[in-house]
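Beneath this line is the structure, given in structure tokens, with notes to follow.
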Amino acid sequence: MPLHPVVHHKASAQTPAEQDSLCGSVFASRYMSKPIPAYRMPEESMPPDVAYQLIHEELALDGNPQLNLASFVTVWMEPQADRLMTENIGKNFIDLEEYPCTAELQKRCVNMIAHLFHVPAEQGQSDAVGTATVGSSEAIMLAGLAFKWRWKQARKQAGLSTENPNLVMGSNVQVCWEKFCRYFEVEARCVPVSEKLLVMDPQEAMAYVDENTIGVCCILGSTYNGAFEDVQKLNDCLTKLNKEKGWNVPIHVDAASGGFIAPFLYPELVWDFRLPLVRSINVSGHKYGLVYPGVGWVVWKSQEDLPEDLIFHVNYLGADQATFTLNFSKGAGQIIAQYYQFIRMGQNGYKAVLTNLDKICQYLRKKVEESGRFKLFSDDRSVPLVAFGLKEPQAYDEFDISHRLKEFGWIVPAYNLPPNAEHIKVLRVVIRETFSRDLCDMLWRDLMWTLEELDRKTPDSIHHARELLLERNRQKHKAFAHMERQKQKTKGVC
Ligand SMILES: Cc1ncc(COP(=O)(O)O)c(C=O)c1O
């Protein structure tokens with residue numbers, strides 16, 4: 001057996017230059033000592049083993065996904081799921097007519113999710129309304145569009161203006177909500193959070209709702225600190241306001257992370273279709289749905305919540321087919337993998353995994369609290385994550401800690417909290433399936449070493465290290481330099 005990957009190609013097809021490696025090792029081939037084609041497609045082909053090895057080596061410089069505690073996304077699945085995904089890698093999900101079994105798996109997943117979210121029983125066993133998407137962002141675009149259409153229809157019927165739709169949400173929303181508003185011309189009305197309450201206050205939100213409000217977004221698992229917004233209270237406040245004003249403003253729950261947590265860890269929490277005003281919900285399959293990146297879900301409470309106008313019918317794939325996603329083509333693998341997880345894990349399996357994550361989360365919270373060095377910014381009943389910041393001001397800050405932790409391989413983001421609380425900086429550790437208690441202990445050890453090191457540094461050396469880092473980042477992100485210039489130009493304008 002060769003020790004190194006071997007280049008397989010016929011000796012007769014080789015140019016003299018290619019014959020430089022008679023031993024057949026990729027690493028003895030001329031490609032290894034030449035610059036890699038970067039910004040122009042090369043004229044000549046190269047052997048597949050060489051192309052593989054070059055890319056493989058280059059990607060080794062990426063962070064390790066398992067140590068990426070910034071991300072909510074699943075980084076590991078069982079080999080059987082990997083196998084199913086690989087077997088189906090060439091299937092385009094949109095070809096429903098050609099791949100009816102795959103389409104059936106999507107339908108089953110939509111129904112299972114809708115059932116978890118307590119869709120009314122009259123929807124039957126298999127009639128839930130929803131679709132797979134690339135992630136929660138696409139799901140949110142679709143849900144937002146459904147709100148906009150329904151609002152427009154009602155306004156038109158009443159002979160009222162459809163000029164100025166707005167959407168009410170906390171200023172702690174994930175960026176995809178702002179994208180929705182900008183891309184689809186809806187005014188984003190952000191309810192500021194406060195230092196005391198880092199998520200939207202439902203009562204305060206009522207002041208932002210008017211006759212042009214297409215809906216209110218409520219987050220089950222804020223991206224900033226994992227906190228669940230109070231959907232039940234929002235439902236009560238909005239029901240009262242709707243009644244007083246004669247409006248019909250609905251609620252969408254952004255359950256990107258919380259949608260696969262609350263049903264298993266907090267089944268008594270009422271946040272979903274049990275509440276009359278909740279008309280649609282999104283959830284990321286690739287977060288706590290335990291599937292690799294590339295799958296999200298949106299479900300509506302009933303058919304009438306998804307306006308017919310948003311459903312397109314095409315027949316160029318051989319039969320009439322309804323589509324209501326933003327993209328046409330997409331791989332089928334993630335949907336198949338989601339179905340695998342649902343039937344493989346069952347509700348008890350999800351509950352067991354999440355219970356472990358919660359235990360590790362509580363373990364880390366305790367360490368953070370007991371260290372006396374940090375203040376917690378996450379709740380104990382939330383998405384399993386720990387958000388914390390320095391208790392006392394130091395010469396260094398959370399960004400310096402985050403940067404130093406990278407030297408150990410850990411990716412622990414530092415960021416500012418949303419407007420009104422933006423002076424607070426936090427570090428956030430997302431607890432995912434592969435983050436064992438053992439890894440948690442190692443992270444803690446490295447964090448303590450980092451503090452020890454930073455405590456000994458002078459303010460000047462900390463400042464100098466920051467300058468160096470900024471310069472390095474500037475060089476790394478040269479490609480985005482034009483954006484930076486644009487930002488400078490608009491400073492002071494907005
Ligand atoms: C609350 C919330 N909504 C939406 C999103 C976007 O999700 P996705 O990455 O699945 O598009 C995220 C991502 O972290 C999130 O935390």
Exercise. In segment 223-271, how many are over 24 Å from F377 (Cβ atoms) and crowded, with 21+ Cβ neighbours inside 10 Å?
Worked result: 7
Problem set entry | All positions within segment 237-264 that are among the acidic types (D, E) and away from the ligand (no atom under 15 Å from the Cβ) | E244
Exercise. If you go through segment 137-147 one residue at a time, do you hit one that is away from the ligand (no atom under 16 Å from the Cβ), assigned to a strand (DSSP E or B) and at pLDDT 95 or above?
Worked result: no
Exercise. Cβ-Cβ below 7 Å, separation at least six or inter-chain, first residue in segment 252-263 and within 18 Å of P202 (Cα to Cα), second at pLDDT 95 or above and among the acidic types (D, E): which pairs?
Worked result: V253/D272
For this session: Filter segment 25-52 for residues that are outside any helix (DSSP H, G or I) and in contact (Cβ under 8 Å) with a residue 24 or more places away in the chain and give the result.
Result: P47
Exercise. Exactly one of (1) crowded, with 16+ Cβ neighbours inside 10 Å; (2) at pLDDT below 90 is unmet by D20. Its number?
Worked result: (1)
Exercise. Only one of (1) more than 25 Å from the chain's Cα centre (by Cα); (2) within 16 Å of the ligand (Cβ to nearest atom); (3) not hydrophobic (A, V, I, L, M, F, W, C) fails for N225. Which number is that?
Worked result: (1)
Exercise. Among all residue pairs at least 6 apart or on different chains, which show Cβ distances below 6 Å where the first residue, located in segment 198-227, is of a type in the set (S, T, N, Q) and the second is within 15 Å of the ligand (Cβ to nearest atom) and not in a strand (DSSP E or B)?
Worked result: S222/N172; S222/V199; T223/Q174; N225/L198; N225/S378
Seminar exercise, completed: Of the residues in segment 82-129, those that are assigned to a helix (DSSP H, G or I), within 30 Å of V270 (Cα to Cα) and under 27 Å from the mean Cα position of the chain (by Cα) number 13
For this session: Go through V353, V383, V368 for me and flag whichever is part of a loop (DSSP other than H, G, I, E, B), surrounded by 14 or more Cβ atoms within 10 Å (Cβ to Cβ) and modelled with pLDDT of 95 or more.
Result: V383
Exercise. Does L275 count as free of Cβ contacts under 8 Å to residues at least 60 places away in the same chain, more than 13 Å from the ligand (Cβ to nearest atom) and in a loop (DSSP other than H, G, I, E, B)?
Worked result: yes
Exercise. Scanning for something assigned to a helix (DSSP H, G or I) and under 28 Å from L277 (Cβ atoms), does segment 319-329 turn up at least one residue?
Worked result: no
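So for segment 282-300 (the condition being part of a strand (DSSP E or B), in contact (Cβ under 8 Å) with a residue 12 or more places away in the chain, away from the ligand (no atom under 16 Å from the Cβ) and over 23 Å from the mean Cα position of the chain (by Cα)), does at least one residue qualify? Steps first, answer last, please.
Step one: filter segment 282-300 for residues part of a strand (DSSP E or B), giving 282-284, 296-300.
So of that shortlist, the ones also in contact (Cβ under 8 Å) with a residue 12 or more places away in the chain come out as 282-284, 296-300.
Add one more test, that the residue is away from the ligand (no atom under 16 Å from the Cβ), and what stays is 300.
Imposing the further condition that a residue be over 23 Å from the mean Cα position of the chain (by Cα) reduces the set to none.
Within segment 282-300, not a single residue is part of a strand (DSSP E or B), in contact (Cβ under 8 Å) with a residue 12 or more places away in the chain, away from the ligand (no atom under 16 Å from the Cβ) and over 23 Å from the mean Cα position of the chain (by Cα).
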Exercise. For the subset of segment 386-410 comprising residues that are touching a helix residue (DSSP H, G or I) at 6+ places or on another chain (Cβ under 6 Å) and part of a strand (DSSP E or B), which member is surrounded by the fewest Cβ atoms within 10 Å (Cβ to Cβ)?
Worked result: G389
For this session: For R466, indicate whether it is modelled with pLDDT of 95 or more and out of contact with any Leu (no Cβ under 8 Å at 6 or more places or on another chain).
Result: no
Exercise. Just checking, which of R150, R189, R155, R182 is surrounded by fewer than 23 Cβ atoms within 10 Å (Cβ to Cβ), away from the ligand (no atom under 14 Å from the Cβ), within 27 Å of Q106 (Cβ to Cβ) and modelled with pLDDT of 95 or more?
Worked result: R150
Exercise. Do we find a residue being at pLDDT 95 or above, surrounded by fewer than 17 Cβ atoms within 10 Å (Cβ to Cβ) and within 29 Å of T223 (Cβ to Cβ) anywhere in segment 272-290?
Worked result: yes
Exercise. Of (1) within 15 Å of the ligand (Cβ to nearest atom); (2) under 30 Å from K351 (Cα atoms); (3) of a type in the set (V, I, T), V270 satisfies all except one. Which?
Worked result: (1)
Exercise. Quick one: is N225 assigned to a loop (DSSP other than H, G, I, E, B) and either under 25 Å from V129 (Cβ atoms) or not charged (D, E, K, R) (or both)?
Worked result: yes
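The values are calculated or read from the model by the stated rules, or taken from the named source; none is laboratory data. Note that the coordinates shown come from a computational prediction; the quantities given were computed from them, not determined experimentally. No Cβ is skipped: glycine too gets one built from the backbone with ideal geometry, and neighbour counts run over all protein chains shown.
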